[in-house]
Structure formats: C-alpha cells, structure tokens
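The values are calculated or read from the model by the stated rules, or taken from the named source; none is laboratory data. Note that the structure is a prediction, hence the values are computed from the model and not measured. So basically every Cβ, Gly included, is an ideal-geometry build from the backbone, and we count neighbours across all protein chains shown.
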Amino acid sequence: MYNPMMIIDGRPVLASDGSVHKILNPATGELVGEVPSGGRQEAHQALTAASRAFPAWAATSPGKRADVLHQAASLVRELADEMAVMLTLEIGKPLRASRREVLGSADVLDYFAEEGKRAFGEWTISGAGKSRSLVIRQPIGVAALISPWNYPVDLLSWKVGAALAAGCTAVAKPSSMAPIAASAFIEAINRSGAPPGVINLVLGPGSTAGAELVESPLSQKISFTGESATGRWIMAAAAPRLKRLSLELGGSAPFIVCADADVKSAAEACVQRAFNNAGQICISVNRVYLHHDVEEEFMELAIQRAGRLRVGSGMEDVDLGPLASEEQRKRTREHIEDALSRGARLRLGGSEPEGEQYSRGHFFLPTILDRVDHSMRVMREETFGPVMPVMTFKNLEEAVRLANQTEYGLAAYAYTNSLDAAVYLAERLESGGVGINSNNVVDLQAPFGGWKQSGFGRELSHHGLEGYLELKHVKIGL
Ligand code: NDP
C-alpha cells in the first residue's frame, strides 16, 4: 500500500478534513493506496508557502539551484525501480515503460539544471551612445503546475524542472487518478536540498484544489497539461489577473504514408506510436492516411505487427497494459461502434481480450479499422485508447487537407523518401511538432507544444525555461 502525503512548506500534510482518495489498480481492481484529498484550503496554504520562499529562491544563483536539481535527479534514479512499480500499479502501463518514464524525468531535471545557467541577458549601446540597454530574465513568481494521469511523472518533471531552474517556486498538483509516483517524485526534490516552500505538493480534485491554484492571486504562472475543455476553463479563470499561461492540451495526430515511403518502417513506427501506452498519449497516432499505392502492403504489415502485441497486467512482460479507467475503455468502445455503424471495417481487435486474467481490469485489444472517414468520432475526437483508424488519399494536397482537418495541432507524422515531399509536408502540417520518418516529436532539446486547440506555450528546451521567465529592460544613462 502506498499512502503518500501532501508536502507544504517542506512538511508532510494530510487533508484538513481527513478526506482520502483510494487508488485502485486498473489491471485487477485491487487497492494500491490511499492519498489525502485536499481542497482549496491546502492549495492556499501551499501557495502561501511558495510565495514566502520565492524571494530567496529567485535570488539563489542558478548554479546552486542546479545542485538541488542534479541531486534530485540522482535520487530519482536510485528510486527508479520502486517508483516504476508505483506507476504500473496505479496507472497500468508496462513496468519497463514506467521505468523509462521515471528515468526520463531524472534526465529532465539534469537538463534544466544546466539550462537554468543559460538564462542569458543582453547588452546594447543606445543610438547616441549616451546610454546602455540591459535586458535581463527574471523568474515570474509562484507557478501552479497541474498535470494529467497518462505520464504522471514525466509531464510533471517538464514543469518542475523548468520552473525551479528559472527561479520560480511552485505548487504541483498531479491528477487524482495517478498521484502516487508523482508524489514520490516531488518528495525526492524536497529531500535533495530544496528549501521549504520551494516545491509544494497538493493532492485533491481539480475542481477545488486545482481551481484554487488557478484563481488565487498568489500564483503568477499556470502551467497546465490536460484536456482542451479544462484548458479553456483555466484560461478563462486566469484571465481576470492576466496570469502567464502554458496550456498543453489534447491532440489528434495524423500519420501520413506517401507512395515512395519505406512502408515496412512506416508500419512498424505507426503501430508503435498508435498502441504505446495503450494509445493514451497526447501524441498518439489518431488518424492514418495511406497513399492508395501502399495501402495493401501497409495494412498487411500493420495488422501482423499489432496482432503480435501482448496485452496484460503491466507487472508482466506485456506491450499493452489495461486502460487507466473504465471511462477510457467505454469511450474506446463507443468510438469503434460509431465507426462500424457508419461503414468502417474492423481489421483487428475491436473488443476486450477473453480470459480470466482480464476479467477484473480495463483491458482492450489493439484495434485497427479501415474505410473510415471524417464523419466518424474516431477521426474527429481524441479516443485516448488503442485504436488505429485508416483511410487513403490520392495526392499530397489531399493528405495535407485531411490531416489539417481537425481542431487540434499537437503532433503530425509523415513517411516519405522524397525530400520535396518531406519539406512540403513539414511546412504545411498545422502542428507544433512534425515527425518526418520519425514517430516521435519529443526531445529534451526541442520545444514541445501545440497549435490551435492543442494549446500554446512550449515545454522542454530553452523555450520551456522561457515560460517561467519575464524579460526586463534596464536602461542605464551615462
Ligand atoms: P484533465 O483536463 O481532466 O485533468 C488534468 C489535470 O487538471 C488533473 O490534475 C485535474 O485534476 C486538473 N483539473 C481538472 N479540472 C480542473 C480545474 N477546473 N482547475 C484546475 N485543474 C483542474 O485531463 P486528463 O488528466 O484526463 O488527461 C488527459 C488529457 O490530457 C488528454 O486530453 C490528453 O490529450 C491531454 N494531454 C496533453 C498533453 C500535451 O502535452 N499536450 C500530454 C498528455 C496529455 P483531477 O483529475 O485530479 O480532478
């Protein structure tokens, strides 16, 4: 049993009214742990602690801030095996993916530790030479960091690493669906020399604890990852105080395979990106567009490859764990039923796996549909489940038109061996990240974020650090 506590001003804290929230294993329904369920009061206390700690942390040198982050990264690596088990038990993902996520979060802390040292200033001489312009970057203030359940540690590390490196203090609020490993992550930073109040942890529902973090005058920056609908609410709630915002929201990534593509590697990459984390990724492949000429070969390879994926408890040697909740499974089923009722053809999966070992978890088989079109929910809404819908196109113009026909713009992928086609697609796809012959748009050194309803603001890279800094022009008369 894991029973983490909130961390406010460096101290472990329970909910003031004693409320707790039970976390059940999505593979078995068994109790994994109980976490305190805080609300507005705890969020306020955490913001107060962060406000008190801000002036000293902002004045701490980037080198000293880096020491804390590096130390935290080492501790997270030491705890990786234990934290990976927590992640798998609370959210279902296969253990090796959980371990990769935890180790990745340590790399993020190391990265921002060093990036914080490079918040360079500028120095220019005025036109007449009688003054100098100095431009400096200063931390915004207290940052509220609100994260979702699908990558609870990794996505939180993107925010915490950048915020602390920039000199902001912070209050982290992980999702109530997956708060255990995220709590261990924040605790590791607290144990690594972060002064009390620099990083606080509030556990509780978004509607109370999260809303307080957004609305309170004590937070100056909100960094949110989650659904577009929640993002819209947060933007409106933050508007009266014109708070600085980063919103990383939903996605509906297209995967285009051109006539000249290496079809084998495209099929492998597509299956991997569609079914990784059981499709519960904001950059998951949601819509596949195949050139007519490659349809047959691609489908055969993709069905073979996806058919070999093993489904089961994340504690076993599997490729797909259960979905995180029954709600996820229900939506997946509904999207498939809707597509089939409108003329789609089922090529693989389409149901829960059979067998006693699957009876208590939210398992679902990798599913491939073809003959889909844009009238179907599966092509318009984020399924967030293991479904790969496929349709065809005749030329690049049509592929781009179809790919861009969505309110989202987070990730897009295209496979081609033509340099002209690669540039054409890279320039026209309306998306914060484009993978050309690559099924990944996440890189520590590159900005990650959305266009359109996928949000705004960037995480990772030096752009991610900028999200926690304000520019100040200091004009010096001589
Ligand atoms: P939600 O929007 O439901 O929740 C995200 C976080 O916001 C949770 O911690 C939640 O708390 C909190 N929250 C909910 N309501 C409020 C509120 N009114 N004020 C403040 N905080 C609030 O998203 P999910 O957790 O369901 O995550 C899945 C979504 O995240 C998908 O749409 C996915 O595409 C998106 N996502 C986007 C990514 C990106 O980088 N663009 C990356 C990963 C996921 P609680 O749940 O505890 O109530």
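Residue count for region 75-92 satisfying the condition of being within 17 Å of Leu156 (Cα to Cα) and of a type outside the set (Val, Ile, Thr): 9.
So for region 89-96 (the condition being under 23 Å from Thr169 (Cβ atoms), buried (at least 20 other Cβ atoms within 10 Å of the Cβ) and touching a residue at least 12 places away in the same chain (Cβ under 8 Å)), does at least one residue qualify? Spell out how you get there, then give the answer.
Going residue by residue through region 89-96, those that are under 23 Å from Thr169 (Cβ atoms) are none.
No, because not a single residue in region 89-96 is under 23 Å from Thr169 (Cβ atoms), buried (at least 20 other Cβ atoms within 10 Å of the Cβ) and touching a residue at least 12 places away in the same chain (Cβ under 8 Å).
Just name the residue that is surrounded by the most Cβ atoms within 10 Å (Cβ to Cβ) out of those in region 206-229 that are in contact with a strand residue (DSSP E or B) (Cβ under 7 Å, 6 or more places away or on another chain), of a type in the set (A, V, I, L, M, F, W, C) and more than 19 Å from Gly409 (Cβ to Cβ). Among residues in region 206-229 that are in contact with a strand residue (DSSP E or B) (Cβ under 7 Å, 6 or more places away or on another chain), of a type in the set (A, V, I, L, M, F, W, C) and more than 19 Å from Gly409 (Cβ to Cβ), the one surrounded by the most Cβ atoms within 10 Å (Cβ to Cβ) is Leu213. Restricting the first member to region 257-268 and to residues that are at pLDDT 95 or above, and the second to residues that are assigned to a loop (DSSP other than H, G, I, E, B), the beta-carbon pairs closer than 6 Å and six or more apart or on different chains are Cys258/Thr416; Asp260/Thr416; Asp260/Asn417; Asp260/Ser418; Ala261/Thr416.
Just wondering, is there one or more residues in region 427-443 that are under 18 Å from the mean Cα position of the chain (by Cα), over 30 Å from Leu109 (Cβ atoms) and not assigned by TED's automatic domain parsing to the domain that holds Ala128?
Quick first cut of region 427-443, residues under 18 Å from the mean Cα position of the chain (by Cα) only: 431-435, 439-443.
Narrowing the set further to residues that are over 30 Å from Leu109 (Cβ atoms) leaves none.
So far as region 427-443 goes, no, none of its residues is under 18 Å from the mean Cα position of the chain (by Cα), over 30 Å from Leu109 (Cβ atoms) and not assigned by TED's automatic domain parsing to the domain that holds Ala128.
Being more than 17 Å from the chain's Cα centre (by Cα) and under 13 Å from Val285 (Cα atoms) is the filter here; which residues of region 392-414 pass it? I'd like the intermediate steps shown before the answer.
Applying the first criterion (more than 17 Å from the chain's Cα centre (by Cα)) to region 392-414 yields 392-407, 413-414.
Within region 392-414, Ala403, Tyr413, Ala414 qualify.
Those helices (runs of 4 or more DSSP H) of region 205-299 in which 1 or more residues are more than 8 Å from the ligand (Cβ to nearest atom) and within 28 Å of Glu470 (Cβ to Cβ) occupy 211-215, 228-238. Highlighted here are the strands (runs of 3 or more DSSP E) found entirely within region 71-146 that include at least 1 residues which are more than 26 Å from Gly204 (Cα to Cα) and of a type outside the set (A, V, I, L, M): 122-125, 131-139. Within region 320-332, restricting attention to residues that are in contact (Cβ under 8 Å) with a residue 12 or more places away in the chain and out of contact with any helix residue (DSSP H, G or I) (no Cβ under 7 Å at 6 or more places or on another chain), which residue is farthest from the ligand (Cβ to nearest atom)? Across region 320-332, the extreme among qualifying residues is Pro322. A single entry from Gly141, Gly206 fulfils the requirement of being in contact (Cβ under 8 Å) with a residue 24 or more places away in the chain and on the phi > 0 side of the Ramachandran plot: Gly141. Do we find a residue being in a helix (DSSP H, G or I) and touching a residue at least 24 places away in the same chain (Cβ under 8 Å) anywhere in region 306-313? There is at least one residue in region 306-313 that is in a helix (DSSP H, G or I) and touching a residue at least 24 places away in the same chain (Cβ under 8 Å). Ala163 - would you say it is away from the ligand (no atom under 14 Å from the Cβ) and either surrounded by fewer than 24 Cβ atoms within 10 Å (Cβ to Cβ) or not in a loop (DSSP other than H, G, I, E, B) (or both)? For Ala163, the condition - away from the ligand (no atom under 14 Å from the Cβ) and either surrounded by fewer than 24 Cβ atoms within 10 Å (Cβ to Cβ) or not in a loop (DSSP other than H, G, I, E, B) (or both) - is met.
Restricted to region 5-62, the set of strands (runs of 3 or more DSSP E) holding at least 1 residues that are surrounded by fewer than 20 Cβ atoms within 10 Å (Cβ to Cβ) and in the same structural domain as Glu90 (by TED's automatic domain parsing) comprises 11-13, 20-24, 31-36. Among the residues making up region 140-155, those that are over 15 Å from Met177 (Cβ atoms), more than 9 Å from the ligand (Cβ to nearest atom) and buried (at least 24 other Cβ atoms within 10 Å of the Cβ) are Val142, Ala143, Leu145.
Looking at region 314-347, which of its residues are part of a strand (DSSP E or B) and either charged (D, E, K, R) or buried (at least 20 other Cβ atoms within 10 Å of the Cβ) (or both)?
Here is the first cut: in region 314-347, the ones part of a strand (DSSP E or B) are 320, 345-347.
Correct list: Leu320, Arg345, Arg347.
For residues that are within 11 Å of the ligand (Cβ to nearest atom), part of a strand (DSSP E or B) and surrounded by fewer than 20 Cβ atoms within 10 Å (Cβ to Cβ), tally how many sit in region 433-478. So the answer is 1.
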